[in-house]
Amino acid sequence: MRCRIHKTHPLAPPARPFSVSSLTTPGHQRFSRAQQKPLLNWHLAASIKSVALPADPPLSKIAAELAGTPPLRDALQWFVRQKQWINEQHLQLCRVPASTFFEQRRAEWMLAQFRALGCVARIDRGGNVIAHPQENRTGPYIALTAHLDTVLAPRKDEEVYTTPDGRLHGPGTADNGAGLAALLAIARVITSFPDLSDDFRNLVFVANVGEEGEGNLSGMRYLCRQSSTGGRIQSFLILDGPNVDHVTSQALASRRFDVTISGPGGHSWSDYGFANPIHALARAIVSFSEQRLPSTGSPRSSYNFGIIEGGSSINSIPTLARTKVDIRSESPLKLDEIAALLTSTVEQALEAENERATGGKVTAKIKEIGSRPGGRLPDDAHILQAVRAVDSHLGIRSHLDCASTDANVPLSMGLPAISIGAGGHGGGAHTPQEWFHPDGRELGLKRILLMLFLLLRDLDG
C-alpha cells in the first residue's frame, strides 16, 4: 500500500520578525488531543513503501528564514564547532552497559549529564530519565526521546573504542548511542544560548528504558499511559539510530511467544523411547518454517525463532526444550493467523512425538511474552509537514517507512509521533560488530533543532 502525501492548505508567511513565539501557520491541520481517535488496534501494522517526501514550499520557506535568524543561526553552527565534545559524550555513554532490564547505570549517567548542563532532571518510576531545559511542570510539551537500552552490552570499556578514521565501534554505538548523544547535544546547545531559553521551555527530553526485545516498549508505555508528564505531551520526536534517510510514521505491530515443551526426561540408553522435548520442538520449528510467508508485496509478514534452549547433557533425554519466536505482519488478520499457525504446529508436533514414544509423554505451553501495538499518522499530520519542510531546507532526501520503534505506543493512542535518525552513519546493529561514524552528524542535529522550533511554536495551550 503506497502512502500518498496530500497537499496541505497554503501557509501564509508571517509579517512579524521570525521567532518561535511570533510565527504562525494559518490553515495547518493539528493532530490535537481533542481530535484524537484510536488509529489501529493493538496488533495492527501496515506498511508504507518508500516514497520521496515532497516539500511544502510555504513551511519550508519559514524553516529557511528561521534558520537564518540569530540566535538560531549561531546555534545551528554550534554543532559543527562542537563535534569533538559530542563524539566524546557518545563514546562515554556507550561504555556504560545498558542491556534491556539493566539500564539503571546508564540512566544515572544521563541524569548527571543533564543536570551538569543546567537541566531540571529526574528518573521517573518507570526508570526513564526526564529532563527539562528549565523548570516547567505544567506543559504542554514536545518530547524529544531516545531509548537507553541495547541488545548487547560491553563487558569492559575497551570493547567500545574509536579507530583513527573516527569510527566508533562496540555494542549499541549506533542503536541507540546516536540518539542519546543527540539528546545531550540538543540540551547543551539550548543551554549555551540563553536567548533560546523561552523558545524551548516547553521541550522535554526523555531517555527511556525497555525499547529493545522483551522490554516490550515498557518505558514508553509508562510515559504515555501512567506518567503525569506523558499526559501533557502533544507530540513525540523519537531518535532511533543514526541514518536520516527515513521517517517512521507507521508502527509495525508484532507478537512474541515463548514455547516450552516438557517431558519426564531420562537416560539416553536405558530410557530410549521416552518422548523427547527437543525432538518435538525441532519438529514444530521445521513444520512452521515450511509455511511460506510473503516477505515482499502486501501484506508483508515475517517470523524469527531467535532463541533455542534445552537439555543438560549429551547422554540425557531432556526434561525441557524452549524457543522464543517473533512474529510480525502488516496485516492484523495475518498476524493473528500466523499466531494460530504456531499453536497448531506445536500441537501437531506433540502428537507426532507422543505417538512414536514408548513411554513418557511430552506437553507444551505457549506464552505470549510481548505485543507491540500498531498505529499510523495521517498523511497530512502537522509533524510530517514539519519534517518535510526541514528536509527541503537542508537538502535531505527522506522517505516514509513502517517499523517497530518507541513510536508504536503514542501512535497506537492517536498521538502524533515519528521516529527519525539522529545523524551520522552506522551499521551492524544488534551484533558485536556494530559501528557508528560521525561524518554528517551535524546535519541530523540541525534537522532535529529546526523541527523542534517548528513544533514548539504550534503547541496548544
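Since every read-out is calculated from the coordinates, none of them should be taken as a lab result. As the structure is a prediction and not an experimental result, all values here were calculated from the model. A quick note on method: Cβ atoms are made from the backbone with ideal geometry, for glycine too, and the neighbour counts reach across all protein chains shown.
Given a cut-off of under 8 Å on Cα pairs at least six residues apart, what relative contact order in percent is computed for the chain?
The normalised contact order for the chain reaches 26 percent.
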Note the angle between two axes, namely the Cα long axis of helix 382-394 and the longest principal axis of the Cα atoms of the chain, as a number of degrees from 0 to 90, rounded to the nearest 10.
70 degrees
Taking placed amide H atoms and a strict 5 Å upper bound, the residues 5 or more places from Gly370 or on another chain that come that close are Arg256
Calculated SAXS-style log₁₀ I(q)/I(0) at q = 0.06, 0.10 Å⁻¹ - the chain, Debye, Cα scatterers
-0.30, -0.75
Cleavage-rule hits, chymotrypsin sites (Phe, Trp or Tyr not before Pro), the stretch 156-230, DSSP coil, Cβ neighbours within 10 Å at most 11:
none
Not counting the cut sites, what is the longest span of the chain without GluC sites (Glu not before Pro) that DSSP labels loop and that have at most 10 other Cβ atoms within 10 Å?
291-461
Dipole size in debye (nearest 20) for the stretch 254-372 around its Cα centre, Lys and Arg Cβ +1, Asp and Glu Cβ -1?
340 debye
The stretch 254-372: projected area of the alpha-carbon convex hull, averaged over directions, in nm²:
7.2 nm²
Compute the signed sum of charges (Lys and Arg +1, Asp and Glu -1) over the other residues within less than 15 Å, Cβ to Cβ, of Leu443.
+2
Filtered pair list for the chain (Lys only, Cα < 30 Å, 8 or more apart or interchain) has a length of 21
For the chain, what does the helix formula give at 222 nm: sum of -39500 (n - 2.57) over DSSP H segments with n ≥ 4, over the residue count, nearest 500 deg cm²/dmol?
-9500 deg cm²/dmol
Hey, what's the Cα Rg ratio for the stretch 351-461 versus the globular rule of thumb, 2.2 N^0.38 Å?
1.70
Cα centroid distance between the stretch 426-458 and the stretch 139-163, in Å?
13 Å
Roughly speaking, what is the centre-to-centre gap between the stretch 332-405 and the stretch 63-133 when only Cα atoms are used, to the nearest Å?
32 Å
Using the 2.2 N^0.38 Å rule of thumb for compact globular proteins, work out how the stretch 97-159 stacks up: its C-alpha Rg over that value, please.
1.25
